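I have placed the structure first, in the form of structure tokens, so that the comments after it can refer back to it.
The values are calculated or read from the model by the stated rules, or taken from the named source; none is laboratory data. For clarity, every value in this text was computed on a predicted model and none was experimentally measured. Note that each Cβ is placed from the backbone with ideal geometry, even for glycine, and that neighbours are counted across all protein chains shown. Quick note on the areas: whole protein, heavy atoms, side chains included, nothing else; ligands and nucleic acids left out. Shrake-Rupley method; radii C 1.70, N 1.55, O 1.52, S 1.80 Å.
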Amino acid sequence: MTPAAPRSIDAYLKQLRDALADQDPALIQDAAYDAEEYLRAEIAAHPDKSEADVLELIASTYGAPEEVAAAYRETEAKVKAALQPPARPAVQAPSMLRSFFSVYRDPRAYTSLFVISLGEGRLIEAMTGERMPRRPVHPGPKLSLWAGIVAMLKDARTWTTLAYFILMLPLGIIYFVIATVGLAFGLTFTLAIPIEVLHHFDLIGASIQPAWLATAPMLIALNIIGIIVLTTLLHAARGIARAHARIAKRLLVTPG
């Protein structure tokens, strides 16, 4: 059954959110922001009309909530399709070893490594593929200073946003340690053979220490360990980025 035409901004936004209930909360927040921004601007531009009259007029221009929701749903589908990486041809399930090293072919593994220190909003969406808001939560009608402060303090999103930024300190340290230590050990071990060859010809002063590690069997072992460490680091970076994106979305995005 078609819902009754909204007679207020709150009713319009509720119908819009209901129509987008099956969509990502980030999309719902963007749609609600755009709609509220437009509706309040139209009401301000027609001071001689009531809110209900302006909304009735808008229904024929901006569109009913269901029409606006359909437009956002269609646009979101097109954007997702455009950003979707090319489908890989169906192949036999790879072996565990091949699956482990296939991370080198995943571009998100590399970008996720840098998300470790950069982290939120559109940057998270660009680097991890997690949908994030492209608009803030609309502030609503203009309030007095005191009323605005009270509304901000009563808004749970204020506190979750603060929690997010506080959480970034320990998480940032953990991400930094994982990235730097993993890269340092992985690259050093992987380049152990070239380092020792260059040292042998007196092209560089650095060498593998202690000396017993500079034997051929140990250099080969270090090279293998280095490759495993770097590969594991990329897997860890990709997993950390996904988890970080979920944390950011939980704390920064207003639920639908």
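Results, tabulated for the structure shown:
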read-out	value
Residue-normalised accessible area of the range 180-256, expressed per residue, 1.4 Å probe, Å²	57
Which listed pairs, of LYS14/LYS154; LYS14/LYS49; LYS78/LYS249; LYS14/LYS249; LYS80/LYS249; LYS49/LYS154, have C-alpha distances above 26 Å, in listed order	LYS49/LYS154
Solvent exposure ordering (accessible area, 1.4 Å, most first) of ASP30, ASP24, ASP155, ASP10	ASP10, ASP155, ASP24, ASP30
Additional length obtainable on full extension of the chain from ALA5 to ARG98, 0.36 nm per residue less Cα span	27.7 nm
Share of carbon and sulfur in the accessible heavy-atom surface of the range 201-256 [1.4 Å probe, %]	71
Potential extension, HIS235-THR180 segment - 0.36 nm per residue separation minus Cα distance	18.3 nm
Calculated FRET value between ILE228 and VAL79, using beta carbons and R₀ = 35 Å, to 0.05	0.40
The range 133-254 - Debye-derived log10 I(q)/I(0), Cα point model, q = 0.13, 0.15, 0.17 Å⁻¹	-0.70, -0.81, -0.92
